[in-house]
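The values are calculated or read from the model by the stated rules, or taken from the named source; none is laboratory data. Everything numeric here is computed off the predicted structure, so don't read it as measured data. Ideal geometry is used to build each Cβ from the backbone, glycine not excepted, and the neighbour counts take in all protein chains shown.
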Amino acid sequence: MCATRQHPRVAIIGGGISGLAAAFKLRELAAAGGHALEVAIFERGTSLGHALGTVREDGFVMETGADSFLSEKPWALDLAKRLGLEQELIGTRGRFRKTHVVRDGHLVEIPDGFTLLAPTRFLPVFRSPLFSVRGKLRMALEPLIPARRGGGDESLASFVTRRVGREVLERVAQPLMAGIHTADPNSLSLEATMPRFLEMERRHGSLFRGLRAVAQPAGANGTSGARYGLFVSFRHGMRTLVDALAARLDGCVRLGADIIALAPIDGGKRWRLVLADNSAFEAEAVLLAAPAFGAARLLEGCAPGLAHLLADIRYSSVATVNLAYRTSDCPHLPESFGFVVPAIERRKIIAATFSSTKFEGRAPEGAVLMRAFLGGALHEQMMELNEEAMVAAVREEFSALLGLNADPILTRVRRWANAMPQYSVGHLERVTRIEREVLELPNLMLAGAAYRGVGVPDCVHSGEQAAQALFERLTEDRVCSSV
């Protein structure tokens, strides 16, 4: 008879949204199947949630990381519903669903129907001052540009320039994608970040024809830039999701728990985790939801090839600066969700969000809340500034671009060092190799933003998939019969 453990353990390293979603999924699976399962989360920091950080102060709801998630990808929305948070969900404010972009020091609205990389309609583009006559004519030639032949990944910069011209890349695609990935478009993988545009070219031979084929119903015009109607948040901020998960996982979270070593023991049947305080923890399975560089450090001893692949995934750093003003000090604020700043404008910020315009309830009566972003792959030097200098830089840009010279009534700065994985060309091929290497390790899985998506839904999905795989392995191991 095969010996079985009465209470198998799963150790989850990393208390971000991927690790939390994985732990909750494991608890759900165990309860549904009537299995006894111990789950332990090890988080080296002093709080959970990482990039889902909300500061609630003096009536303001300030996001220090992600301020929303995409409902089109169902995983985060489904998790919120399972947690009983459906009544807490809110959408963006419809009348303000527009984005501006800086051109020559002025804010210009992105034309209606322009979707990240290309237009669905040419007339608003031709009327817009955002592009030069030459840039508009080049864009109009897009349906005549032959589709690229052959396989292989391609950089975002190469793809956009080839399809719609360099001006679209520099004026719209680069700054919009910087807001999502804080990346350099010359190295950013199209296949890993914008696969639907790649599929449009393959299927329709043209982005314009592809976008028209999947265009929103008539009457859905009046939006520009990102598809803001698909973004949702929580009434009291994104921290709501983390708090709900933490409440359900009470008793299995260890904060300030820095794992310094990880190794298989007992012939690969279990794992031994060593903490910085020299204590140890043994488990039948490990789910690594740490950043790729952290996972690489822990796997150097037992899986050097896998560790090398993980270490190849680079990261960029970013900072968010929340500033609040009196409404009376902001008489000329554009009626939009904010603006993005092309790198060719050579300014100190990469984007700004008008938070209290984008979502209801983000600022008290008589106040306005805004948020600026600094850093990223193309502006690394900004991360060398101290917090006071970052606030000064944002105020300088708000003065130049918005005519806003009043003193803010509140400021909050949050640095995110090495927080954004960079999906360089060939990323998915690298991830496939990583996944093959992981299969060679007993009861170990990886999860997180480093692999197949950086958004909140992608991270939730990554954690839940890893949890499902580990649960199936553990339950299969327990169902043993005599030979």
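Condition check ((1) surrounded by 15 or more Cβ atoms within 10 Å (Cβ to Cβ); (2) within 19 Å of the chain's Cα centre (by Cα); (3) hydroxyl-bearing (Ser, Thr, Tyr)) across all residues:
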residue: ALA319; (1), (2), (3): yes, yes, no
residue: TYR325; (1), (2), (3): yes, no, yes
residue: GLY338; (1), (2), (3): yes, yes, no
residue: ARG346; (1), (2), (3): no, no, no
residue: ALA351; (1), (2), (3): yes, yes, no
residue: ALA367; (1), (2), (3): yes, no, no
As an exercise: evaluate ALA419 against (1) surrounded by 18 or more Cβ atoms within 10 Å (Cβ to Cβ); (2) in contact with a helix residue (DSSP H, G or I) (Cβ under 6 Å, 6 or more places away or on another chain) and give the number of the one condition it does not meet. (2)
Every residue from the range 432-451 that is surrounded by fewer than 23 Cβ atoms within 10 Å (Cβ to Cβ), touching a residue at least 40 places away in the same chain (Cβ under 8 Å) and not in a loop (DSSP other than H, G, I, E, B): ARG433, ILE434, GLU437, VAL438
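So, VAL160, is that one modelled with pLDDT of 95 or more, surrounded by 15 or more Cβ atoms within 10 Å (Cβ to Cβ), in a helix (DSSP H, G or I) and of a type in the set (A, V, I, L, M) or not? Talk me through it step by step, then tell me what you get.
Details: modelled with pLDDT of 95 or more: yes; surrounded by 15 or more Cβ atoms within 10 Å (Cβ to Cβ): yes; in a helix (DSSP H, G or I): yes; of a type in the set (A, V, I, L, M): yes.
Spelling it out, VAL160 is indeed modelled with pLDDT of 95 or more, surrounded by 15 or more Cβ atoms within 10 Å (Cβ to Cβ), in a helix (DSSP H, G or I) and of a type in the set (A, V, I, L, M).
Yes or no, residue by residue, for (1) farther than 30 Å from VAL286 by Cβ; (2) of a type in the set (Ser, Thr, Tyr); (3) outside any helix (DSSP H, G or I); (4) in contact (Cβ under 8 Å) with a residue 60 or more places away in the chain:
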| residue | (1), (2), (3), (4) |
| --- | --- |
| VAL391 | yes, no, no, yes |
| GLU396 | yes, no, no, no |
| LEU401 | yes, no, no, yes |
| ALA419 | no, no, yes, yes |
| GLU429 | no, no, no, yes |
Return a yes/no flag: does the range 141-153 have any residue that is closer than 23 Å to ARG430 by Cβ, surrounded by fewer than 20 Cβ atoms within 10 Å (Cβ to Cβ) and of a type in the set (Asp, Glu). yes
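Listed residues ILE110, ILE90; which is crowded, with 21+ Cβ neighbours inside 10 Å and under 30 Å from ALA324 (Cα atoms)? Please lay out each step first, then the result.
Working: ILE90 fails: crowded, with 21+ Cβ neighbours inside 10 Å.
From the options ILE110, ILE90, the qualifying one is ILE110.
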Are there any pairs with C-beta distances below 9 angstrom linking a residue in the range 249-265 that is farther than 21 Å from GLU284 by Cβ to a residue that is among the β-branched types (Val, Ile, Thr) and exposed (fewer than 13 other Cβ atoms within 10 Å of the Cβ), with the two at least 6 apart or on different chains, and if so which? LEU255/THR46; GLY256/THR46
For the range 296-316 the number of residues that are buried (at least 21 other Cβ atoms within 10 Å of the Cβ) and either touching a Gly at 6+ places or on another chain (Cβ under 8 Å) or among the aromatic types (Phe, Trp, Tyr) (or both) is 1
SER399 fails exactly one of (1) more than 25 Å from the chain's Cα centre (by Cα); (2) farther than 26 Å from ARG171 by Cβ; (3) surrounded by fewer than 16 Cβ atoms within 10 Å (Cβ to Cβ), namely (2)
Among (1) in contact with a Cys (Cβ under 7 Å, 6 or more places away or on another chain); (2) within 30 Å of ARG196 (Cβ to Cβ), ILE41 falls short only on (2)
